[in-house]
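Single-structure report; data block below.
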Amino acid sequence: MLDAFLKQVLRGWSSIFLCGGSPADFKLAQQAILKYEPPNEHWINQDIAPEVAAVDFLRSALRQDPDCIVLDQRGSECLEMQLNAACTGHRLISGHPLSPAEAWSGFCNCNPEFSQVMVAGILQYALFLEVGEGGAIGVVHQLQVVDNQPRFVKLAHVRKGEWVALQDAIWPGPYQPPAPDYTPIEVPAEWGRREESLLANLRRLRRPRQRTTWAPRLVPFEGDNHRGSRYGGLPALRAGESWPRCQACQARMQLVVQLECQQLPEALHQQIGPGIFQFFYCISDQCSVAEGAPYAGPYAGNSLARQIETTDLVAPAADDRLESSHYGVYLVEDWSPLPDHPDWAETPEDEHTPLDYTEDWLEMVEGSSRSEGLYQRYSRLLEHFQVGPDQLAEVVSLLQNYPGDKLFGWPRWTQGVEYPACQKCGQTMEMVLQVNNDGEPDSRPGFHSCFGQLFASDGNGHVFRCPDHREIMTFVWACT
Ligand SMILES: [Zn+2]
Ligand SMILES: [Zn+2]
């Protein structure tokens with residue numbers, strides 16, 4: 001019976017929590033569960049080193065985007081991060097030193113902003129197993145959601161060596177993509193009549209704020225070279241300098257981006273300045289940024305953005321290299337200039353409405369297989385905004401704030417506007433580089449993302465620089 005439960009829960013892509021038991025009992029129970037790892041799946045199963053915070057271990061495991069992450073009993077130290085992981089499509093097998101009911105209430109209380117219904121929605125179908133002596137599993141509970149209400153159900157227990165079923169399990173049905181709904185969207189009555197067509201409005205309001213952003217066109221690179229504009233790989237260093245290390249954990253940091261400024265398109269020379277621009281970020285799973293220094297905040301110490309002007313550049317010594325990185329190396333073949341516009345987060349309120357539809361409108365312009373249906377769906381909105389079919393491309397272009405990896409332009413904000421201030425003069429800094437964290441292989445310029453899960457779950461990070469003190473740069477990230 002237990003066997004069937006475990007197979008079902010893993011098939012349904014849900015999580016398993018092993019509750020109670022001494023550390024030795026727990027280990028035995030965990031080993032028994034690990035036998036269910038399906039072939040062709042990527043599970044991360046390592047003990048969390050005592051000096052590493054559980055939350056840092058989990059964050060670093062997520063960077064590898066595994067199918068399942070196995071945590072020991074210290075998993076109970078990072079319940080909120082476990083919910084984040086489950087939310088972004090990862091299964092967990094995690095220990096909890098207390099009872100199933102206490103593990104469940106731990107999840108519900110790990111963040112006061114999470115309601116019980118919300119937590120249940122994330123962990124739905126998860127099994128909570130009671131671990132007894134010798135690692136034997138004696139009781140199975142399941143988190144079910146019925147009529148939108150969570151309930152914690154005891155499915156079965158062992159009596160006199162035999163499994164006894166107590167209540168029915170519930171498993172997710174096979175995934176069925178929802179049928180597309182192309183019913184036309186009604187224009188809300190309170191919108192009234194627009195005096196100005198959307199295109200005229202956008203030309204007036206957004207075109208003056210247009211900036212050129214530069215999206216990299218990349219080619220995979222396998223060599224051992226340290227020069228050239230690149231994402232990942234070896235950095236060029238000053239003669240005598242060693243590979244930059246994280247101030248928090250002393251590990252060598254991943255080279256995220258290196259730009260040979262004078263090889264960039266001519267139009268960028270003035271803006272970027274001379275030399276080599278580099279951005280490094282710590283990806284060590286041993287990394288713990290000191291308390292009070294937020295990971296995501298500026299000047300956190302686990303990243304380095306700099307521009308070096310010396311021409312005497314060398315490769316890192318053979319014994320001074322990043323120990324391991326699962327990120328690829330790409331050379332920048334060329335840069336595509338794109339007209340970029342402010343994110344809705346820094347756009348006045350009354351300009352928001354058309355932005356909500358940008359992605360779908362873009363699809364209509366690009367003529368995907370859904371286009372016809374989308375035209376029908378947006379017909380009344382397009383009429384309201386007075387957008388003719390031949391104007392759609394320009395409308396979409398004026399609404400665009402590119403989400404992918406890019407140089408200059410306007411930041412795509414994930415959690416609201418967060419321009420940092422210069423440490424020296426206090427003025428608002430400017431964005432130099434946007435690093436998208438989704439790992440999106442989208443090949444359209446301005447949508448591609450080289451680094452998945454570099455700093456946390458989906459979102460964007462930005463390197464900023466003071467307009468007057470070019471040596472002062474900092475990195476800030478936010479995720480969903
Ligand atoms: Zn570090
Ligand atoms: Zn300054």
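What follows draws every value from the coordinates through simple rules; no lab data is involved. This structure is a prediction, so every number in the text was calculated from the model and none was measured. Cβ coordinates were reconstructed from backbone atoms using ideal geometry, including for glycine residues, and neighbour counts include every protein chain displayed.
Taken about its Cα centre, the chain carries a charge dipole of about 240 debye when Lys and Arg each add +1 at the Cβ and Asp and Glu each add -1 at the Cβ. The relative contact order of the chain, computed from alpha carbon pairs under 8 Å that lie at least 6 residues apart in sequence, is 14 percent. For the range 1-105, the set of trypsin sites (Lys or Arg not before Pro) satisfying both a DSSP loop assignment and a count of at most 15 other C-beta atoms within 10 Å is given as Lys35. Quick check: from the Cα gyration tensor, does the range 2-165 come out rounded (a/c under 1.5), prolate or oblate? Here the range 2-165 falls in the rounded category. The range 1-50 and the range 448-480 have Cα centres lying 36 Å from one another.
Positive contributions from Lys and Arg (+1) and negative ones from Asp and Glu (-1), summed over other residues with Cβ under 12 Å from the Cβ of Asp350, come out at -2. Using Stokes-Einstein with the Kirkwood hydrodynamic radius over Cα pairs, what translational diffusion coefficient do you get for the chain at 10 °C and a viscosity of 1.306 mPa s, in µm²/s rounded to a whole number? D = 63 µm²/s.
Among the GluC sites (Glu not before Pro) found in the range 1-90, those both in a DSSP coil and sparsely packed, with 14 or fewer other Cβ atoms within 10 Å of their Cβ, are Glu41, Glu51.
For the peptides 229-235, 464-470, 81-87, the ranking by mean Cβ contacts within 10 Å, running from highest to lowest, is 229-235, 81-87, 464-470. I want the local charge near Leu18. Using Cβ-Cβ distances under 12 Å, sum +1 for each Lys or Arg and -1 for each Asp or Glu among the other residues. Result for the neighbourhood of Leu18: -2. The range 160-201 and the range 76-99 have Cα centres separated by 26 Å. To the nearest 10 degrees, how steep is helix 23-34 against the longest Cα principal axis of the chain, on a 0 to 90 scale? That works out to roughly 70 degrees.
The Kirkwood radius of the range 193-255, taken over pairs of alpha-carbon atoms, gives through the Stokes-Einstein law at 20 °C and 1.002 mPa s a diffusion coefficient of 128 µm² s⁻¹. Normalised by the number of residues in the range 2-165, the mean separation of alpha-carbon contacts (under 8 Å, six or more apart) gives a relative contact order of 27 percent.
Measuring between their Cα centroids, the range 393-421 and the range 240-269 lie 23 Å from each other. Shape analysis of the range 125-230 places it in the oblate category; the axes a ≥ b ≥ c from the Cα gyration tensor give an a/c of at least 1.5, with a/b not above b/c. Relative to the longest principal axis of the chain, what angle (0 to 90°, nearest 10) does the C-alpha long axis of helix 371-384 take? That helix lies at roughly 60 degrees to the long axis. Counting charges near Asn201 (Lys, Arg +1; Asp, Glu -1) among other residues having Cβ under 11 Å from its Cβ returns a value of +1.
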